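Asker: This is the structure I have questions about; it appears just below.
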Amino acid sequence: MPLTIAGGGIGGLTTALALARHGIPSRVLERGGFAEELGAGIQLGANAVRRLETLGMREAIEAEAVRPAALHIFDAYSGKRLKQLPFGKAYEERYGVPYLAMRRADLARALFEASEASGRIELHDRFNVAHVAEQNDHVALKGPWEIKTKLLIGADGIWSSVRKSIAPTSHLVFTGHTAARSMLPATDLPAPFDAPVVTLWLGRGSHLVTYPVARGEALNVVFASHGGQPQQGWNAEARAEDVTRAATQWHDSARDLLGRAGTWRQWSLYRLHGLRRWTTQRVALLGDAAHPVLPFMAQGAALAIEDAVALADALADSRDDPAKAISHYEAMRRVRAARVTRQSARLGRIYHLGQPFAAARNLAISRQSAEKALGQFDWLYGA
Ligand SMILES: Cc1cc2nc3c(=O)[nH]c(=O)nc-3n(C[C@H](O)[C@H](O)[C@H](O)COP(=O)(O)OP(=O)(O)OC[C@H]3O[C@@H](n4cnc5c(N)ncnc54)[C@H](O)[C@@H]3O)c2cc1C
């Protein structure tokens, strides 16, 4: 009987592929369509790329991705470049694999095509897992039809139905931040946005991140700021004047870029409270369903990919005892996910500092050597 995975996003499809590598069949139930043109860009640090490589995905992913040469950090008001961190050759030499940036849809499509080709993965789209009931010897899922499974993996994202079923008192709390994204064609972009680099602009209560995607044909733009009303979903339309209000006093070059974006989509940022366990006897959560992470370290997809490989390895090691396997998976992953979640929140607070703390932060950033700046993330990218 195949294992069942609720959610065919980044974590769900990677789990199916990681299980298939161990010869374990699975079935993936996705509420929408697989690899729909949804979402914007995704950054993949070495920790994610290394795991995708072990799944034989590196070539397919690199065909659509960009290898940013550096991260450039700017003060959003003066436009002064505070730091230039090598993300190209030096990064690859340090971590063994490159840093990649790509469209979320391209990553999802590559994972979907590999899943279709694997021969061990059943893919069901338009299957909304609406209800989950765990029994002694199986889990019953209600959707368009009923499915019984020995083991359910809840990879159904931040608003997970599986999580609600196994931990009804867990709940999401709005952080007070809203992120908005847009995608620009990479033609006639002004400097510094015409270079193959990630840029990060630090403002008071807001920041901007840009990076090239789609083999360099487009620029992904994400603007995050305090404010907005909490809402569910990734794709709410947003008015340009509302998105960029926090940037009215920013430097011309950043404001000019924001002004070029025609359409904006926004999503609210949440923290998860009250989830004491990610696993029961027959259900395991992973990715955003288990530990939604704020986007300040760009680690949401990477953590889901790490979870997927760890869970599949644990299940392969204890084939006769899935309950033991998923409990081991949770024990292995909780500390790491908690650290990334904590550090992402901390980085967000640092990015959004107001004066006089922002001046001290800028000084510290400009004085730090590139080696030290990168080295402080060895625990993250080196794992
Ligand atoms: C449409 C979309 C756009 C996104 N855009 C961005 C972005 O621009 N920037 C960013 O940082 N992050 C974005 N994300 C989130 C990012 O992809 C995830 O944080 C990260 O990849 C973690 O992966 P995950 O597999 O845990 O969750 P996701 O990649 O979110 O996958 C969850 C999947 O589960 C499916 N699902 C949900 N509920 C059910 C259900 N009841 N039954 C069956 N299937 C279900 C969803 O349709 C989705 O495909 C987006 C996610 C989605 C779904």
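Readers should treat all values here as calculations from the given coordinates under stated rules, not as data from a laboratory. All of these numbers come straight from a predicted model, not from anything done at the bench. Because the Cβ atoms are built from the backbone with ideal geometry, glycine has one as well, and the counts that use them run over all protein chains shown.
Asker: Considering only residues that are touching a helix residue (DSSP H, G or I) at 6+ places or on another chain (Cβ under 7 Å), within 25 Å of Ala345 (Cβ to Cβ) and of a type outside the set (Phe, Trp, Tyr), which ones fall in the range 152-202?
Answerer: Result: Gly154, Ala155, Asp156, Gly157, Ile158, Ser160, Val162, Arg163, Ser170, Ala179, Ala180, Leu202.
Asker: Kindly indicate which of Arg260, Arg276 is under 30 Å from Val129 (Cβ atoms), surrounded by fewer than 20 Cβ atoms within 10 Å (Cβ to Cβ) and away from the ligand (no atom under 16 Å from the Cβ).
Answerer: Arg276
Asker: Does the range 28-49 hold any residues that are over 23 Å from Pro212 (Cα atoms) and buried (at least 18 other Cβ atoms within 10 Å of the Cβ), and which are they?
Answerer: Val28, Leu29, Glu30, Arg31, Phe34 - these are the residues of the range 28-49 that are over 23 Å from Pro212 (Cα atoms) and buried (at least 18 other Cβ atoms within 10 Å of the Cβ).
Asker: While we're on this one: Does Leu303 fit the bill of being free of Cβ contacts under 8 Å to residues at least 40 places away in the same chain and within 10 Å of the ligand (Cβ to nearest atom)?
Answerer: yes
Asker: For the range 22-116, which helices (runs of 4 or more DSSP H) that fit wholly inside it have 3 or more residues that are within 15 Å of the ligand (Cβ to nearest atom)?
Answerer: 46-54
Asker: Within the range 278-325, can you find the residues that are outside any strand (DSSP E or B), over 21 Å from the mean Cα position of the chain (by Cα) and farther than 21 Å from Arg50 by Cα?
Answerer: Thr280, Gln281, Arg282, Ser318, Arg319, Asp320, Asp321, Pro322, Ala323, Lys324, Ala325 - these are the residues of the range 278-325 that are outside any strand (DSSP E or B), over 21 Å from the mean Cα position of the chain (by Cα) and farther than 21 Å from Arg50 by Cα.
Asker: Looking only at the range 178-216, which residues are assigned to a loop (DSSP other than H, G, I, E, B) and in contact (Cβ under 8 Å) with a residue 12 or more places away in the chain?
Answerer: Matches in the range 178-216: Ala186, Leu189, Pro190, Ala191, Pro192, Phe193, Ala195, Pro196, Val197, Arg204, Gly205.
Asker: Also, quick follow-up: Taking the criterion of being in contact (Cβ under 8 Å) with a residue 40 or more places away in the chain and within 18 Å of the chain's Cα centre (by Cα), would at least one residue in the range 353-362 satisfy it?
Answerer: no
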